[in-house]
1. Count, please, the residues in the range A:90-111 that happen to be of a type in the set (A, V, I, L, M) and modelled with pLDDT under 95.
2. Looking at this structure, is A:Asp77 more than 14 Å from chain B (Cβ to nearest Cβ) and either surrounded by 17 or more Cβ atoms within 10 Å (Cβ to Cβ) or within 15 Å of the chain's Cα centre (by Cα) (or both)?
3. Could you say whether any residue in the range A:7-22 is hydroxyl-bearing (Ser, Thr, Tyr) and part of a strand (DSSP E or B)?
4. What are the residue pairs meeting all of these: first residue in the range A:5-32, first residue within 14 Å of another protein chain (Cβ to nearest Cβ) and exposed (fewer than 13 other Cβ atoms within 10 Å of the Cβ), second residue part of a strand (DSSP E or B) and at pLDDT 95 or above, Cβ atoms under 6 Å, and 6 or more apart or on different chains?
5. Considering every residue within the range B:97-113, establish whether at least one is more than 13 Å from every other protein chain (Cβ to nearest Cβ) and either of a type in the set (A, V, I, L, M) or touching a residue at least 12 places away in the same chain (Cβ under 8 Å) (or both).
6. Residue by residue through the range B:44-72, note down the ones that are more than 10 Å from every other protein chain (Cβ to nearest Cβ), buried (at least 18 other Cβ atoms within 10 Å of the Cβ) and touching a residue at least 24 places away in the same chain (Cβ under 8 Å).
Amino acid sequence: RKEVEQDPGPFNVPEGATVAFNCTYSNSASQSFFWYRQDCRKEPKLLMSVYSSGNEDGRFTAQLNRASQYISLLIRDSKLSDSATYLCVVNRVDSSYKLIFGSGTRLLVRP
Amino acid sequence: GAGVSQTPSNKVTEKGKYVELRCDPISGHTALYWYRQSLGQGPEFLIYFQGTGAADDSGLPNDRFFAVRPEGSVSTLKIQRTERGDSAVYLCASSERRASGANVLTFGAGSRLTVL
């Protein structure tokens, strides 16, 4: 089992739709959580950090459920430019500080 | 520079050859990471440097892979006796502070390695 798991998608939604992605992680030592966005043939870029109390950045809302070990990302009012792969990232703080990436969820927003 | 710089952007080599991939992190970033990404997959952790030392090299797949960061800035990933399965995009990232909390990575554009 992978340490960070995501539904690969693709999620195909019309412009203006609301879409949600989930991500589960297996290591309870995980301390920090992020969503990165990756466009086709580009490098990943930070979308937002995920805080315990949940946080919002414009149309994007991230939630963390430590008890169930999952993270979610909600995108409201989808734009064509939101089409990308969304990577869930977990930072374990034990013997190392490496960040573990999920395989990503692909989003396609159609006109 | 303003961002993380990786060279070469593309490298095509033959099976069995030796390759070096270079990463120039953001000035002042003490942490440097190497990841490998295959098509349709997320970045796979290879190695993490804090300063000059490799703090965690548990992701290096075998002893053909080695990385150095002698002066705590530029890093080189070295692959000996390349195999077709080594073909991937090798991503470098740096971070401005130690990962004791929210450790935000800035990635370079990657080096695409193709082993024929």
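1. Start the filter on the range A:90-111 by keeping residues that are of a type in the set (A, V, I, L, M), which leaves A:90, A:93, A:99-100, A:107-109.
If we keep only those that are modelled with pLDDT under 95 as well, we get A:90, A:93, A:99-100.
Number of matching residues: 4.
2. Details: more than 14 Å from chain B (Cβ to nearest Cβ): yes; either surrounded by 17 or more Cβ atoms within 10 Å (Cβ to Cβ) or within 15 Å of the chain's Cα centre (by Cα) (or both): no.
So A:Asp77 does not fit the description; no.
3. Initially, the range A:7-22 is screened for residues hydroxyl-bearing (Ser, Thr, Tyr), giving A:18.
This time we only want the ones that are part of a strand (DSSP E or B), so: none.
No: the range A:7-22 contains no residue that is hydroxyl-bearing (Ser, Thr, Tyr) and part of a strand (DSSP E or B).
4. A:Pro10/A:Arg106; A:Pro10/A:Leu108
5. Of all residues in the range B:97-113, those more than 13 Å from every other protein chain (Cβ to nearest Cβ) come to B:113.
Add one more test, that the residue is either of a type in the set (A, V, I, L, M) or touching a residue at least 12 places away in the same chain (Cβ under 8 Å) (or both), and what stays is B:113.
Checked the range B:97-113: at least one residue is more than 13 Å from every other protein chain (Cβ to nearest Cβ) and either of a type in the set (A, V, I, L, M) or touching a residue at least 12 places away in the same chain (Cβ under 8 Å) (or both).
6. Scanning the range B:44-72 gives B:Phe49, B:Ala67, B:Arg69.
Table: residues versus (1) part of a strand (DSSP E or B); (2) within 10 Å of another protein chain (Cβ to nearest Cβ); (3) buried (at least 16 other Cβ atoms within 10 Å of the Cβ).
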| residue | (1), (2), (3) |
| --- | --- |
| B:Gln6 | yes, yes, yes |
| B:Val12 | yes, no, no |
| B:Lys17 | no, no, no |
| B:Arg22 | yes, no, no |
| B:Ile26 | no, no, yes |
| B:Tyr35 | yes, yes, yes |
| B:Gly42 | no, yes, yes |
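Okay, residues lined up against (1) among the small types (Gly, Ala, Ser); (2) farther than 18 Å from B:Gly85 by Cα:
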residue: B:Ser5; (1), (2): yes, yes
residue: B:Lys11; (1), (2): no, no
residue: B:Glu14; (1), (2): no, no
residue: B:Asp24; (1), (2): no, yes
residue: B:Ser58; (1), (2): yes, yes
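The values are calculated or read from the model by the stated rules, or taken from the named source; none is laboratory data. Because the structure is a prediction, the values reported are computed rather than measured. With ideal geometry, Cβ positions are generated from the backbone for all residues, glycine too; neighbour counts draw on all protein chains shown.
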